[in-house]
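Below: one structure, written as structure tokens.
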Amino acid sequence: MILDISGVSFSYKSTPVIEEITFSAGAGELVAILGRNGAGKTTLLKCLNRILRAQAGTVLVEGIDTRTMRPIQIARTMGWVPQQAEVSAMTVFDLVLLGRKPHFGWAPARADYQKVEEALHTISIEHLALRSADELSGGEFQQVQIARALAQDPTIILFDEPTSSLDIHNELRLMHTIRRVIHHSRRSALIAVHDLNLALRYCDRFILLKEGRIFAAGGRQVITEATIREVYDIDVRVIEVEGSPMVIPVQ
């Protein structure tokens, strides 16, 4: 496994947010983190890349404990695509180039510029390269953030609701691109997402959080009507549509 998480817990002051989280992710796997608002999805992702320091548990990347890693090592290993990020006036190209910063010293090399070009091409936003980032729509800026994470060339990429600002066309296109990149590059990725059907369509495995703990984890078989009722407190039907499961609310 590329990523092994064991017993990770985190509290804000004295209030537990996530407790005893244990799971793993292998090469080429896109793992969905699911649950209601406040279930601990974003907190979990931030504990993995040490934006937040877990009070208990271990996070291993290819067998190495992240607590022994220097910040630059974590930056080379884990890409991070937040739900919201500060918008600057730099060009899109330069913003994506920041993803290469953990890999070069005083100045980027030719290989770093090539990585940026490849990332822009992968997300199909080459036409935005010379645009100022503060002129972009929310959806365009989110695609730039994903390109920056790809340019970083990490082993693991953590996505916090990457499609939240996108229309349905770009939502589907971007999720298809993320899945293709993760599968072909043999990276691992964790993606916090609210849309169950989007997760079912593109993700390989699923972790459902309830009140900061893992309620269910596994493949598509864990996305059942009973599980969703317990986790989301709604009644649904899970039906097959052209060979893929789909969640339909009934209330």
Farther than 19 Å from T77 by Cβ, in contact with a Gly (Cβ under 7 Å, 6 or more places away or on another chain) and part of a helix (DSSP H, G or I) - does that describe any residue in segment 131-138?
-> no
Restricting segment 160-180 to residues that are part of a helix (DSSP H, G or I) and of a type in the set (V, I, T), the one surrounded by the most Cβ atoms within 10 Å (Cβ to Cβ) turns out to be I178
Mind counting the residues in segment 223-245 that are of a type in the set (A, V, I, L, M, F, W, C) and buried (at least 16 other Cβ atoms within 10 Å of the Cβ)?
-> 5
Would you check if A133 is more than 19 Å from R187 (Cα to Cα), touching a helix residue (DSSP H, G or I) at 6+ places or on another chain (Cβ under 6 Å), of a type in the set (A, V, I, L, M) and surrounded by 17 or more Cβ atoms within 10 Å (Cβ to Cβ)?
-> yes
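Residues are listed down the side, and each one gets a yes or a no for (1) more than 30 Å from L128 (Cα to Cα); (2) modelled with pLDDT of 95 or more; (3) out of contact with any Phe, Trp or Tyr (no Cβ under 9 Å at 6 or more places or on another chain); (4) crowded, with 20+ Cβ neighbours inside 10 Å:
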{"site": "V31", "(1), (2), (3), (4)": "no, yes, no, yes"}
{"site": "N37", "(1), (2), (3), (4)": "yes, no, yes, no"}
{"site": "T58", "(1), (2), (3), (4)": "yes, yes, yes, no"}
{"site": "M90", "(1), (2), (3), (4)": "no, no, yes, no"}
Identify the single condition in (1) free of Cβ contacts under 8 Å to residues at least 60 places away in the same chain; (2) in contact with a Phe, Trp or Tyr (Cβ under 9 Å, 6 or more places away or on another chain) that A85 does not satisfy, given that it satisfies every other one.
-> (1)
Taking L150 as the residue in question, decide whether it is touching a residue at least 40 places away in the same chain (Cβ under 8 Å), surrounded by 23 or more Cβ atoms within 10 Å (Cβ to Cβ) and within 19 Å of G35 (Cα to Cα).
-> no
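The values are calculated or read from the model by the stated rules, or taken from the named source; none is laboratory data. Quick caveat: nothing in here was measured; it's all calculated off a predicted structure. Neighbour counts are summed over all protein chains in view; Cβ atoms, including those assigned to glycine, are modelled from backbone coordinates with ideal geometry.
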